[in-house]
Amino acid sequence: MKKIMSGNEAIARGAYEAGVTVAAAYPGTPSTEILESIAGNYKDDIYCEWSTNEKVATELAIGASIAGSRSLAAMKHVGFNVAADPIFTVAYQGVNGGLVLVSADDPGMHSSQNEQDNRNYAKFAKIAMIEPSNSQECKDFLAEAYKVSEKYNIPVLFRVTTRVCHSKSLVEWGERTEIGHKAYEKNIAQRVCAPAFAKPLRPTLEARLKDLEAYSNQSPLNTVELNDTKVGIISASIAYHYAKEVFGDKASYLKLGFTFPLPMDLIKEFASKVDTLYVIEELDPFMEEQIKAAGIQCIGKERIPNMMELNPDILAQALLNETRETQKADVALAPRPAVLCAGCPHRGFFYSVGKKKNTVVAGDIGCYTLAASQPLNAMDTCLCMGAGFSLALGMAKSFEVSGRDTKVFGVVGDSTFFHSGITGAIDIIVNKGKVIPVVLDNRITGMTGHQENPGTGKTLMGEETTRIDIAEMLKVIGFKTVRTVDPCDLTKMNEVIDEALNSTEPFAIVTKRPCVLIKGLPRFKTKCVVNQDKCTQCKMCLKVGCPAVFFKEGQCTIDPSSCVGCDVCLQVCKFEAIEKVGE
């Protein structure tokens, strides 16, 4: 059977065919669809879950491996940072059942705060690495990854990028191979990484890397295509396809699928057969530096950009000095600034807090990051998951020691609170921080496409489960007052913010209103419209930043196809020019 599949769907299929029985992840673009596809198609054979964060997902997969199951953990590139602690140590311990860690990198930062090159983690943590270049390879290479993991007793980093994850191509399916579960045997010397046990494991890790390099030189994942030998190209992942599109049969190729340890003997042999050698790779000169260190002359980042995505046009210009002809549209594209959705429950909070003077809002990763955009302009920082609380505490301490009377709000979403906000909230209490923590609870993990989290009461596999109450957790942590408020009720929202600003005791806020896009929720039966006889064109309604509200031909207008009747614009209008219609 052949089907058109994205790379993420093919990874899920590959896990199924390879006999994986346990998989875990935290949602993060561009990796999210891997676990969604497993849950949607293979949950009868694979236990799968959304873990509270990437570290938990990785530790769960490691535990399953120790117990004898083939397991998988998937995450976006910055999530790998969260999971790094156990990854570095499990390399010493080795595996029982095969263990694959998927890192979905994001060159070009399409949906990320940086574009770190996680190939460096393979070298840093001393684990094997495999890189597929299309959907078929995503499926097929995963099976080889588990064979490598179990044969060489090592975790495998399965590194993909946004283009590989989301591009679709034809995939030929196979059947599931039932591997079964390996026996678990207690082994303190291998599994308890106290210093006395870890020290003997260190040289064995180096020995495994030597064995892996020997395998790499013979790996079926590394292939040579000899054509014209005036130009030779070493490449991997999606960059290989870009190179093929530019050079075609006018160059020879060493396409690498197993990229750490590098097959240096194979590389030397290939280099000896070509006149000029290019190393074409996105982001860091990961392969290039190692190849040059081995004494092999090659051309790489001195000609090819070391940031953002590559594409055939960039390569043609960089290596052939050719400017490719492109088609230009005869119409200008309409500007589409990133904004919170019409009816987004976060809008009411940010509109309200943005009007408060002498305040700072430390934000976090999620839909609500869009509140930093005009016209709300209501967020001062966004760094990483969980930093909304802990970064806020640092700012508050700085303001305190420097004698500045600036109030600090720390803002995280509900899923982020469970991911890494709880520790920051504890730090605020224990260290007497003058921070007002705010959890924006929209009952879903929104930005990555609506995944369950510990506050929704459902698991990835669709089972009903315990719903963790955020407000109660904040109370247990030590916040004396915790106010839960509907953020679209601007009067109450302002009252709660003012109460928090004036409080002398630890005070926390939970805004609670479901995302308007959650499937199955009842919809508003009313819409907002503008009574043009009352409208003064003051444009106050535009300051809420709702995409349904706009100014056209000198009049304020509300798009009925976008409006969901949340009433925020209605409450802002001082002239009662916005009215509700419908039931």
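The values are calculated or read from the model by the stated rules, or taken from the named source; none is laboratory data. Small disclaimer: the values here were computed from a predicted structure and weren't measured. Heads up, the Cβs are rebuilt from the backbone with ideal geometry, glycines too, and the neighbour counts pull from every protein chain shown. Note: accessible area is taken over every heavy atom of the protein model, side chains too, but ligands, DNA and RNA are not part of it. Shrake-Rupley method; radii C 1.70, N 1.55, O 1.52, S 1.80 Å.
Worth a mention:
- Part-to-part distance (alpha-carbon centres) for the stretch 251-310 and the stretch 70-121, which is given in Å: 23 Å
- Label zone at Asp45 (point 7 Å along Cα-to-Cβ), backbone N below 14 Å, the stretch 2-36: 10-23
- Equivalent-ellipsoid semi-axes of the stretch 435-527, from the Cα gyration tensor, Å, largest first: 26, 19, 9
- Extension gain for the segment Lys357 to Ile468, taken as residue separation times 0.36 nm less the Cα-Cα distance, is 36.6 nm to one decimal.
- Rounded, prolate or oblate (a/c below 1.5 giving rounded, otherwise prolate when a/b exceeds b/c) for the stretch 340-399 by Cα gyration tensor: oblate
- In the chain, the calculated helix contribution to ellipticity at 222 nm averages -10500 deg cm²/dmol per residue, counting -39,500 (n - 2.57) for every DSSP H run with n ≥ 4.
- Fraction of the pair-distance distribution of the stretch 445-583 above 25 Å, Cα-Cα pairs, percent: 46 percent
- For the chain, alpha-carbon Rg over 2.2 N^0.38 Å: 1.08
- GluC sites (Glu not before Pro) restricted to the stretch 135-232 and DSSP loop, no more than 13 other C-beta within 10 Å: Glu175, Glu178, Glu185
- Local electrostatic count, Glu495, Cβ distance below 14 Å [Lys/Arg +1, Asp/Glu -1]: 0
- Probe 1.4 Å, accessible area per residue of the stretch 458-583, Å²: 58 Å²
- FRET efficiency for Lys539 and Cys193, using Cβ-Cβ distance with R0 set to 51 Å, rounded to 0.05: 0.25
- The stretch 227-296, Rg to Rh (Cα coordinates; Rh as Kirkwood inverse mean 1/r): 0.93
- The Rg/Rh ratio for the stretch 118-186 is 1.03, where Rg is the radius of gyration of the alpha carbons and Rh is the Kirkwood radius.
- When only alpha carbons are used to place a centre, the stretch 521-583 and the stretch 1-59 end up 42 Å from one another.
- Computed from backbone phi, the HN-Hα couplings of the stretch 531-546 come to 7, 5, 5, 9, 5, 9, 6, 6, 6, 4, 5, 6, 6, 7, x, 8 Hz, rounded to whole numbers (Karplus: 6.51 cos²θ - 1.76 cosθ + 1.60, θ = phi - 60°; Gly and Pro given as x).
- Exposed loop positions in the chain were taken to be chymotrypsin sites (Phe, Trp or Tyr not before Pro) whose DSSP state is not H, G, I, E or B and which have at most 15 other beta-carbon atoms within 10 angstrom. Between these positions, the longest stretch is 185-574.
- Close amide H contacts of Thr259 (hydrogens built in the peptide plane, cut-off under 5 Å, sequence separation of 5 or more or a different chain): Met129, Ile130, Glu131.
- Trypsin sites (Lys or Arg not before Pro) within the stretch 530-583: DSSP coil, no more than 12 neighbouring Cβ in 10 Å: Lys534, Lys539, Lys574
- Between helix 54-67 and the chain there is an angle of about 40 degrees, using the helix long axis and the longest principal axis of the Cα atoms.
- Relative to the longest principal axis of the Cα atoms of the chain, the long axis of helix 387-401 makes an angle of roughly 60 degrees.
- Percent breakdown of C-alpha pair distances by 10 Å bin, ordered from the shortest bin, for the stretch 72-116: 26, 47, 21, 6
- Folded to 0 to 90 degrees: helix 237-247 orientation relative to the chain principal axis, Cα: 70 degrees
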